[in-house]
Amino acid sequence: MGIGIAVMGLFIGFLVGLTGVGGAALLTPVLIIVGIHPSIAVGTDLVYNSITKLFGIFQHWKQKTINFKLAKYLAIGSVPSATVAIVILQFLNSYYHNQEQIIKQTLGYVLILVAVAILIRTFMDEKIKPNRWQLKSVEEKRGLTILIGVVFGFIVGLTSIGSGSLFALAMLYLFRMSGSELVGTDIAHAFLLVTVAGLLHATAGSVNFVLVGNLLIGSIPGVLLGSALSAKVPTKPLRIVVAAIIIISGIKLIG
């Protein structure tokens with residue numbers, strides 16, 4: 001099982017490094033499909049994501065491609081919201097014992113939403129024209145930014161998915177920033193969000209740390225290899241394939 005999980009991590013890490021999308025959206029459903037309980041899959045993925053995003057923060061910090069004010073406002077909304085989602089899951093598990101089914105169903109619908117977000121970003125990244133929201137400063141959009149954090153943070157707390165793709169799509173449409181700053185800010189905020197959510201899942205006993213270790217053994221070289229090849233391989237068709245895989249996974253979980 002350990003070798004199989006490491007190979008899975010290698011494959012998923014390779015896809016993420018190659019295309020820049022799909023980490024949690026690929027990993028969580030695959031863990032469930034291979035027999036991991038949904039709550040353990042979500043908690044494990046959050047801790048795994050926290051560790052991998054930590055490496056990304058250092059790189060973007062050095063490059064000065066993180067908008068800390070924007071990341072702060074997103075986190076003000078997302079971290080408490082994710083906390084509420086996790087508390088609700090624990091409550092439902094204690095009184096109704098239907099936590100696993102709720103996670104699977106919610107995960108299925110969110111996966112489809114994330115796949116759509118990936119496709120929109122793939123095709124519209126360079127076509128989105130400046131709009132009235134982009135012309136406003138971050139301070140003027142503080143309330144809206146916090147609200148986005150609340151909505152998407154709740155989704156991440158429930159499913160571990162969306163900390164990158166959903167927030168990135170919102171930032172792409174609402175804020176004027178370079179591609180590298182968008183990625184850096186997205187990673188910095190996601191690190192805060194998934195770290196807190198992962199710690200809460202860990203205190204609830206919903207994290208398999210051996211599984212996290214095995215995934216990291218495979219995914220770290222996978223990400224490095226995929227990143228090295230990304231400049232030589234056309235990524236748009238691969239992003240479409242990844243989105244299709246995510247949609248199929250979502251439909252399978254709903255069914």
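Residues being under 24 Å from Ala228 (Cβ atoms), modelled with pLDDT under 85 and either buried (at least 16 other Cβ atoms within 10 Å of the Cβ) or touching a helix residue (DSSP H, G or I) at 6+ places or on another chain (Cβ under 6 Å) (or both) are represented in the stretch 36-53 by at least one member. Within the stretch 9-22, not a single residue is more than 21 Å from Tyr109 (Cα to Cα), touching a helix residue (DSSP H, G or I) at 6+ places or on another chain (Cβ under 6 Å) and surrounded by fewer than 18 Cβ atoms within 10 Å (Cβ to Cβ). Of the residues making up the stretch 17-76, those that are among the charged types (D, E, K, R) and farther than 30 Å from Asn93 by Cα are Lys62, Lys64, Lys69, Lys72. Inspection of the stretch 134-144 finds no residue satisfying the criterion of being under 18 Å from the mean Cα position of the chain (by Cα), surrounded by fewer than 20 Cβ atoms within 10 Å (Cβ to Cβ) and modelled with pLDDT of 85 or more. Of the residues making up the stretch 112-146, those that are more than 15 Å from Leu169 (Cβ to Cβ) and not basic (Lys, Arg) number 8. When restricted to residues that are in a helix (DSSP H, G or I) and over 18 Å from Asp45 (Cβ atoms), the stretch 202-255 contains 21. Inside the stretch 134-181, residues that are among the aromatic types (Phe, Trp, Tyr) and over 30 Å from Leu92 (Cβ atoms) make up a count of 2. Checking Leu18, Leu27, Leu89 one by one, the residue that is farther than 21 Å from Val207 by Cα and part of a helix (DSSP H, G or I) is Leu18 and no other.
Here's the yes/no breakdown for (1) of a type in the set (Gly, Ala, Ser); (2) in contact (Cβ under 8 Å) with a residue 24 or more places away in the chain; (3) surrounded by fewer than 24 Cβ atoms within 10 Å (Cβ to Cβ):
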{"position": "Phe167", "(1), (2), (3)": "no, yes, no"}
{"position": "Ala190", "(1), (2), (3)": "yes, yes, no"}
{"position": "Thr195", "(1), (2), (3)": "no, yes, yes"}
{"position": "Leu225", "(1), (2), (3)": "no, yes, yes"}
{"position": "Lys236", "(1), (2), (3)": "no, yes, yes"}
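The set of residues from the stretch 198-223 being loosely packed, with under 13 Cβ neighbours inside 10 Å and touching a residue at least 40 places away in the same chain (Cβ under 8 Å) comprises Phe209, Val210. Of the residues screened, Ala115 is not one that is in contact with a Ser or Thr (Cβ under 6 Å, 6 or more places away or on another chain), assigned to a helix (DSSP H, G or I) and hydrophobic (A, V, I, L, M, F, W, C).
Would you mind finding the one in Ile155, Ile245, Ile240 that is aliphatic (A, V, I, L, M), closer than 30 Å to Lys136 by Cα and under 18 Å from the mean Cα position of the chain (by Cα)? Outline the logic, then answer.
Numbers: Ile245 fails: closer than 30 Å to Lys136 by Cα; Ile240 fails: closer than 30 Å to Lys136 by Cα.
The unique qualifying residue is Ile155.
The values are calculated or read from the model by the stated rules, or taken from the named source; none is laboratory data. Keep in mind the model is a prediction, meaning the values are calculated, not measured. Positions of Cβ are backbone-derived with ideal geometry, glycine not excepted, and every protein chain shown enters the neighbour counts.
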